[in-house]
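First comes the structure, then the notes that go with it.
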Amino acid sequence: MADLLNNLDSQLWNCEHAFSNLCPKQWAELTPTETPGVRFCDVCSENVTYCTTPEEFVQLGNAGKCVAIPNGYTTGSLKQMLLGRISVKKMKSNRDRQERTANWWRTVIEADPEFGKAALEEIAQLTKRQCLEPRGLSDEQRETLVQLKQAISTGPEALYRHLRLKPNGQPDNQQNIFRQLRSHFKLTYRECKELAQRVESTEAE
C-alpha cells in the first residue's frame, strides 16, 4: 500500500509494465517524438500521450494507450501540508491548487475508467477529504480551515495532532477529537485510543 501511495504522484498511467499501472517516470524524462503531445518511453518501449483534460485521459486510457496527466494535476498537492508561518496568499494558492486537482480527479473517477482501479480508489478517498470552503470567512477562519484540510489529507495522526489544541492554546476534549477521527477515517474507538497513545508516547520521547 505504501508503494501505491508513493506512486500516486506519477504523471504516467496505464503502463502494463509498472506497479498498479503507474510508472515512476515523469513526462519530462520521456523522449520527444515527431508527434506533438506524444513522447517515447525507453523503459517499456511505448508511446505516451499527454492528456490535457480528464475526458481525454479516460478515453485514451480505456483504449489501452499509455497516458500522461498535466504536471499540475498529480495528486501530491492533495497530500501536501504547509509548515511554519504561512502567508494568507500562499495558503490561498495552495488551497486553490488542491481544489483544482481534486476536481480534475473527481471528473476522472465519475467516468469510471477501466484502468488503474486500485490507484483511483485511493485518489477517491483523498478527494473526499477536500471540502469546499464556506463563503464569508475571515482570514483567521480561512487559515484554520486550510490547516484542518491539510491535516485531514495527511492522515489520522496529523489530524489528531492538529485537533489536540484549540485556537486559544488549550487542550481539546479527547472525545471530540475521537469523534472527528471516526468520522473522517472510520476508526474504531479502540483504534483512536491506540493512535492517541502512540502520538503522545512519541512526543514524550
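The slack in the chain from Q175 to K117, taken as 0.36 nm per residue of separation less the alpha-carbon distance, amounts to 17.3 nm. Each Lys or Arg adds one and each Asp or Glu takes one away; over the other residues whose Cβ falls under 11 Å from the Cβ of N14, this sums to -2. Taking 7 Å steps out from each Cα toward its Cβ at Y189 and E16 produces label points 5.2 nm apart. Available extension along the chain between S45 and R97 is 15.4 nm, counting 0.36 nm per residue and deducting the alpha carbon span. With a Förster radius of 41 Å applied to the C-beta separation of E140 and Q59, the computed FRET efficiency comes to 0.40. Note on V199 and W27: the model spin-label points, each 7 Å out from Cα along the C-beta direction, lie 3.7 nm apart.
We did not get these values from a lab; they are worked out from the coordinates using the rules stated. Please read all numbers here as calculations on a predicted model, not as lab measurements. Backbone-built Cβ (ideal geometry, glycine too); neighbour counts: all protein chains shown.
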